[in-house]
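The values are calculated or read from the model by the stated rules, or taken from the named source; none is laboratory data. Keep in mind that what you see is a predicted model, and the values were worked out from it rather than measured. Please note: Cβ atoms are built from the backbone with ideal geometry, for glycine as well, and neighbour counts cover all protein chains shown. Heavy atoms of the whole protein, side chains included, go into the accessibility calculation; ligands, DNA and RNA do not. Shrake-Rupley method; radii C 1.70, N 1.55, O 1.52, S 1.80 Å.
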Amino acid sequence: MIFWRDGIRGTDEQGRRLLCIQTGFYGAEFDVEKASMIRLGAIRNAPDYETAVAGFNKLMDAVPASSSQLTIEAGGQIYHCSRGAEPWIVRKEPVQNYWVIEQEPGRKLLDDQRTANKTTNMRLREYGRYRQNFEIDRLIFKNEKGELLPIRVRLLVESWPDLLKLSLEIVPNESLTGAMAQISIDGLKKAEVRTEKAEWKAGVRQTVALVIPFTEAMASGGTDVQVTDRMTGKKVPVCYDAALDAWKVQLNNHTYKPAVLNNLDRYDIHLSNPTDRERVFRILFANEMGWHERNLPPAEQGLRDCAGVMGAQMILRDEKGNPLGLPLQVAHNWPTIKQTRKATPDMQPWLDLDTWDYNSWLRYTAVGRIPAKSEWAGRADMTHALWGGVPQASYYFLTLIGWGYYTDWDVAIQGNWGESVCYAIGGYADSDITDMRPLYVRSYDSHRAVPFEWTPNQGGGNFLHYKVNGEKQYLVTRRYTPVPGPCLTRTGFYGLTEDRKIEFRITAEHPRTDDINRSYYRLQYKVLEDTEFDQLAFFQYGSPTYNFFNPKAVAWGSRNGLEFEKEYPLEGRVEYVERGIPFQGDAPWWFSMHRSDKEEGRGDQGSLGQASRGLVVRSWNAVLGGERVEKPHLSFMGTNHRYPGLLAEISPPPELKSLKKGDYVDMQIEVFLVPKIPGSYLGTNKALKESLPETADTWKAAYRQAKGNDLQLNVTHGTLQRALPVEIAVGADGAAMVEVTGGMAYVPFTFTRAPSASAPSLVELRSGVSIPVDQSDHGNDFWQAERDSSTGLYRITYNLNLDTPKDQPQTRRFRFESETKKEK
């Protein structure tokens, strides 16, 4: 994983801005403003992935100190790198323009979006479970007299679990004689590489790279990878990168047609290991428009993007089409090279030299082991919108280089029609949640109102919103992403507040479904030290600095129905209009925000695809100020992000002004967007469609969700672990049995501790008859598997359609069996 040690806004005690890479084999820490390494070393006896993420800085603190030096010699002079990333300034106060990080004074702002950090020279390129990649551009090299070397230089850092690669790429502004470049590392781990002295011609790239391995056990040399496109019957290009000890597969760019949403690109994979030892295969599956357009003249490049670039999802499967459960790291780049040139022109000369890397692309990274003298055959299938006929769930890192930004930006998408939810927790946008778009509605283009394109952005939100002495304490975050989809994504954001007084664990899940944009969150906060606060919210729907929503009415209630509906004046003042309203009755508690007519920059009336907001608190457990708090409270605050709006908070009791060590909150919530206009819904969910004429743009839409998915579960074989999304541990025989009453649309059911992911079965029992659950379009394309590396067991997830006529609850029975049970 990769993370800012003290958050993107913070520095350590010495004022250094530190970026860390941590794997199961080693740790590395970089002072980005000096482009130097300050820690490097092996990590011994590393814990499992989730435990390592939750440990915050514990493992990095044990990594030994190190130092690095970047040196260039030219014309008999020695030049050392004197500056890396340009310093940036953080605005502490909310601003009209939500992009909150500026560079050092004097740098020119770009007009589009009025954003200073468009010109930053520090960029995160990719990150995730296996592969981290960042660059620092426009390095400054000076000799002992303080004279500048006339060159363009960047440092590229690429990390795999067991090796680290540092590269200097140099383009001289003028020809240089006797030129040489060197990278050296000193410490417990010593390494050095230098080029031979030579003449460097102006405008010609020079490269020096240092690869630091941390184990030989993962080497994949001597192996072979073959991939065949089943749609064409032809082999696709595969190349081996010896320096990174990894294979790269260049996938074909099959046309994505929104009119045919269940497209499935299919590839056969054959891996062979003829050596006498186990090998690890590192494989990067890529669809890169720069590669496909490499022979086109520049004027014809960047005119189209990768097929289904927004929501495309890859699933690794065995020869029979069963999902393997092998984790994938997923990264996308939406902009074409033409868009990137316009947004970030100062990234030359790299845009011309590496067009393939700055054009639209999809990348999927997998790591797996193959025994000695053996072969493996399987499939890599790519779906672009639907999995088993239902909008799939996908989760990935979105590179922002095409927009000029340098920080992390996570995207969850249901289907392929714009981001369902974007995350920038503790990031530069001053809003943990940014874009949110309703599912299966007409696009934000009011004139065309076309189907299956970008839907309106009505997003904004925060998780723990905590202010002390007028200053927001941002979340210093580590990311855990075990499951990118396609049935239920799961991501964890773990860390501490900036003042280190509150620990948080945020689990975000996004389901495959056909009705509405729905997200599940478990929010866990633990107070580590006594603290007083000015403002505290456990979740904000809408952010003071990012809120594309102006509801004319709000309502709230409980399992029993509506408690209150109210209108608040939208005056553009960022202050509370009502604070600390206690929920009444029994869970689930809910609120609705409706009658909004605006969105992101689409005119006063907005478009036909707008939505209403809703939230359900499914469970709540809290001790605050040393006292148990039985129910959550609700607050409303005015906003003025581009126009007057309103946000809602799950908050503490209004009289609470301080927290005590040992206080905690543990709650599960469901957050959603429901179509505002009945005729704008384009999906296949009959129950939702029939409900909208009565419920759309009213509190009834939120109450319908709260009541409808208040499941009653009776597990007669196995163990119930969670009510929603449903999670059931199978019995010792690998089977489970459950009765469920209620439910709306496609509800996620995960069966844990399954001994195998090969051909599991799920049947519904009706009047003594077993009816197989089969939602497939292309065979086995409706469930997902996830392997637990610590136990070797599996999590198998389905999405069960529990809709009923007129939303009347019915009881249904299901039986799950893994392959082990069936073999008996």
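Please give the number of the condition Glu627 fails out of (1) over 28 Å from the mean Cα position of the chain (by Cα); (2) closer than 19 Å to Asp530 by Cα; (3) in contact (Cβ under 8 Å) with a residue 24 or more places away in the chain.
Of the numbered conditions (1) over 28 Å from the mean Cα position of the chain (by Cα); (2) closer than 19 Å to Asp530 by Cα; (3) in contact (Cβ under 8 Å) with a residue 24 or more places away in the chain, the odd one out for Glu627 is (3).
Say we look at region 724-739 and pick out the residues that are part of a strand (DSSP E or B) and under 23 Å from Asp710 (Cα atoms); which of these is most open to solvent (accessible area, probe 1.4 Å)? Explain how you work it out, then say what you get.
Applying the first criterion (part of a strand (DSSP E or B)) to region 724-739 yields 726-729, 735-739.
Checking which are under 23 Å from Asp710 (Cα atoms) leaves us with 726-729, 736-739.
Details: Val726: 1, Glu727: 28, Ile728: 1, Ala729: 9, Ala736: 3, Met737: 40, Val738: 1, Glu739: 56 Å².
The residue in question is Glu739.
Inspect all residues belonging to region 196-215 and state whether any of them is farther than 23 Å from Leu155 by Cα and either in contact with an Asp or Glu (Cβ under 7 Å, 6 or more places away or on another chain) or among the small types (Gly, Ala, Ser) (or both).
The answer is yes, given that some residue of region 196-215 is farther than 23 Å from Leu155 by Cα and either in contact with an Asp or Glu (Cβ under 7 Å, 6 or more places away or on another chain) or among the small types (Gly, Ala, Ser) (or both).
Would you mind stating whether Gly222 is open to solvent by 50 Å² or more (accessible area, probe 1.4 Å), touching a Ser or Thr at 6+ places or on another chain (Cβ under 6 Å), farther than 20 Å from Asp781 by Cβ and touching a residue at least 12 places away in the same chain (Cβ under 8 Å)? Spell out the reasoning first.
Working: open to solvent by 50 Å² or more (accessible area, probe 1.4 Å): yes; touching a Ser or Thr at 6+ places or on another chain (Cβ under 6 Å): yes; farther than 20 Å from Asp781 by Cβ: yes; touching a residue at least 12 places away in the same chain (Cβ under 8 Å): yes.
So Gly222 fits the description; yes.
Is there any pair linking a residue in region 696-712 that is more than 15 Å from Leu562 (Cα to Cα) to one that is part of a helix (DSSP H, G or I), with Cβ under 7 Å and at least six apart or on different chains, and which?
Within 7 Å, the pairs are Ala696/Pro678.
Take the residues in region 94-145 that are small (Gly, Ala, Ser) and open to solvent by less than 40 Å² (accessible area, probe 1.4 Å), then tell me which one is modelled with the lowest pLDDT.
Restricting attention to region 94-145, the residues satisfying the condition of being small (Gly, Ala, Ser) are 106, 116, 128.
Remaining after also requiring open to solvent by less than 40 Å² (accessible area, probe 1.4 Å): 116, 128.
On the way: Ala116: 45, Gly128: 90.
Only one residue tops the list, namely Ala116.
Among the residues of region 625-636, how many are open to solvent by 10 Å² or more (accessible area, probe 1.4 Å), under 19 Å from Lys467 (Cα atoms) and not small (Gly, Ala, Ser)? Can you show your working first?
As a first pass, look at region 625-636 and keep what is open to solvent by 10 Å² or more (accessible area, probe 1.4 Å): 625-631, 633.
Filter once more, so that each one left must be under 19 Å from Lys467 (Cα atoms): 625, 633.
Those still in the list that are not small (Gly, Ala, Ser) too: 633.
Qualifying residue count for the region: 1.
I'd like the full set of residues that are touching a helix residue (DSSP H, G or I) at 6+ places or on another chain (Cβ under 6 Å) and charged (D, E, K, R), limited to region 285-300.
So in region 285-300, the residues touching a helix residue (DSSP H, G or I) at 6+ places or on another chain (Cβ under 6 Å) come out as 288, 290-291.
Selection gives Glu288 alone.
Which residues, taken from region 302-325, are open to solvent by 20 Å² or more (accessible area, probe 1.4 Å), among the basic types (Lys, Arg) and modelled with pLDDT of 85 or more?
Within region 302-325, Lys320 is the sole residue that qualifies.
Where residues in region 637-656 are open to solvent by less than 10 Å² (accessible area, probe 1.4 Å) and among the hydroxyl-bearing types (Ser, Thr, Tyr), which of them is modelled with the lowest pLDDT?
Applying the filter and picking the extreme gives Thr639.
Only one of (1) within 22 Å of Leu615 (Cα to Cα); (2) open to solvent by 20 Å² or more (accessible area, probe 1.4 Å) is not met by Gln721, so which one is it?
(1)
Looking at this structure, is Pro569 out of contact with any Lys or Arg (no Cβ under 8 Å at 6 or more places or on another chain), more than 16 Å from Val674 (Cβ to Cβ) and in the same structural domain as Val674 (by the TED database)?
Yes; evaluated as a whole, the condition is true for this residue.
For Thr791, state whether it is polar (S, T, N, Q), closer than 15 Å to Ile728 by Cβ and assigned by the TED database to the domain that holds Leu724.
Details: polar (S, T, N, Q): yes; closer than 15 Å to Ile728 by Cβ: no; assigned by the TED database to the domain that holds Leu724: yes.
No: the conditions fail for Thr791.
Can you pull out every residue in region 27-49 that is within 23 Å of Thr407 (Cβ to Cβ), open to solvent by 20 Å² or more (accessible area, probe 1.4 Å) and outside any strand (DSSP E or B)?
Glu33, Lys34, Tyr49
Would you check which residues across region 528-543 are open to solvent by less than 10 Å² (accessible area, probe 1.4 Å) and either in a loop (DSSP other than H, G, I, E, B) or modelled with pLDDT under 95 (or both) and list them?
Phe538, Gly542, Ser543, listed by residue number.
Among the residues of region 326-344, count how many are outside any strand (DSSP E or B) and buried (at least 21 other Cβ atoms within 10 Å of the Cβ). Can you show your working first?
Of the residues in region 326-344, the ones outside any strand (DSSP E or B) are 326-328, 334-344.
Checking which are buried (at least 21 other Cβ atoms within 10 Å of the Cβ) leaves us with 327-328, 335-337, 340, 344.
Selection size over region 326-344: 7.
Restricting the search to region 365-387, which residues are in a loop (DSSP other than H, G, I, E, B) and either open to solvent by 20 Å² or more (accessible area, probe 1.4 Å) or not assigned by the TED database to the domain that holds Asn263 (or both)?
Keep residues of region 365-387 that are in a loop (DSSP other than H, G, I, E, B), which gives 371-373, 384-385.
Residues satisfying the conditions are Pro371, Ala372, Lys373.
Looking only at region 160-172, decide whether some residue is open to solvent by 30 Å² or more (accessible area, probe 1.4 Å), in contact (Cβ under 8 Å) with a residue 24 or more places away in the chain and closer than 23 Å to Tyr49 by Cβ.
Checked against the condition, which is being open to solvent by 30 Å² or more (accessible area, probe 1.4 Å), in contact (Cβ under 8 Å) with a residue 24 or more places away in the chain and closer than 23 Å to Tyr49 by Cβ, region 160-172 yields at least one hit.
Only one residue in Asn462, Asn469 is on the phi > 0 side of the Ramachandran plot and modelled with pLDDT of 90 or more, so which one is that? Show your work before the answer.
On the way: Asn462 fails: on the phi > 0 side of the Ramachandran plot.
Sole residue among the options that is on the phi > 0 side of the Ramachandran plot and modelled with pLDDT of 90 or more: Asn469.
Looking at (1) open to solvent by less than 30 Å² (accessible area, probe 1.4 Å); (2) in a strand (DSSP E or B); (3) modelled with pLDDT under 90, which is the one condition that is false for Leu244?
Condition (2) is where Leu244 drops out.
Return yes when Ser619 is over 23 Å from Pro653 (Cα atoms) and assigned to a strand (DSSP E or B) and no when it is not. Even if it seems obvious, please write down each step before you answer.
On the way: over 23 Å from Pro653 (Cα atoms): no; assigned to a strand (DSSP E or B): yes.
So Ser619 fails the test.
Check region 778-789 and report whether any residue there is more than 28 Å from the chain's Cα centre (by Cα) and closer than 30 Å to Leu692 by Cα.
no
Looking at region 392-408 only, could you name the residues that are within 18 Å of the chain's Cα centre (by Cα), more than 15 Å from Ala286 (Cα to Cα) and open to solvent by less than 20 Å² (accessible area, probe 1.4 Å)?
Within region 392-408, the first condition is being within 18 Å of the chain's Cα centre (by Cα), and the residues that meet it are 392-403, 405-408.
If we keep only those that are more than 15 Å from Ala286 (Cα to Cα) as well, we get 392-395, 400-403, 405-408.
Those that are within 18 Å of the chain's Cα centre (by Cα), more than 15 Å from Ala286 (Cα to Cα) and open to solvent by less than 20 Å² (accessible area, probe 1.4 Å): Gln392, Ala393, Ser394, Tyr395, Leu400, Ile401, Gly402, Tyr405, Tyr406, Thr407.
Yes or no, residue by residue, for (1) open to solvent by 10 Å² or more (accessible area, probe 1.4 Å); (2) closer than 23 Å to Ala412 by Cα; (3) touching a helix residue (DSSP H, G or I) at 6+ places or on another chain (Cβ under 6 Å); (4) among the aliphatic types (A, V, I, L, M):
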position	(1), (2), (3), (4)
Thr497	no, no, no, no
Glu509	no, yes, no, no
Arg512	no, yes, no, no
Ser519	no, yes, no, no
Lys526	yes, no, no, no
Lys552	yes, no, no, no
Trp556	yes, no, no, no
Val574	yes, no, no, yes
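Looking for whichever is in contact with a strand residue (DSSP E or B) (Cβ under 8 Å, 6 or more places away or on another chain), without any contact (Cβ under 8 Å) to a residue 12 or more places away in the chain and assigned by the TED database to the domain that holds Tyr546 here; the options are Lys689, Lys676. Which one fits?
Details: Lys676 fails: without any contact (Cβ under 8 Å) to a residue 12 or more places away in the chain.
Of the residues listed, the single one that is in contact with a strand residue (DSSP E or B) (Cβ under 8 Å, 6 or more places away or on another chain), without any contact (Cβ under 8 Å) to a residue 12 or more places away in the chain and assigned by the TED database to the domain that holds Tyr546 is Lys689.
Per-residue answers, yes or no, for (1) modelled with pLDDT under 90; (2) of a type outside the set (A, V, I, L, M); (3) surrounded by fewer than 17 Cβ atoms within 10 Å (Cβ to Cβ):
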site	(1), (2), (3)
Leu19	no, no, no
Phe25	no, yes, no
Ala62	no, no, yes
Ser66	no, yes, no
Leu70	no, no, no
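Which of (1) modelled with pLDDT under 95; (2) under 26 Å from Asn262 (Cα atoms); (3) open to solvent by 20 Å² or more (accessible area, probe 1.4 Å); (4) not charged (D, E, K, R) does Ala757 not meet, given it meets every other one?
Here Ala757 meets the rest and fails (3).
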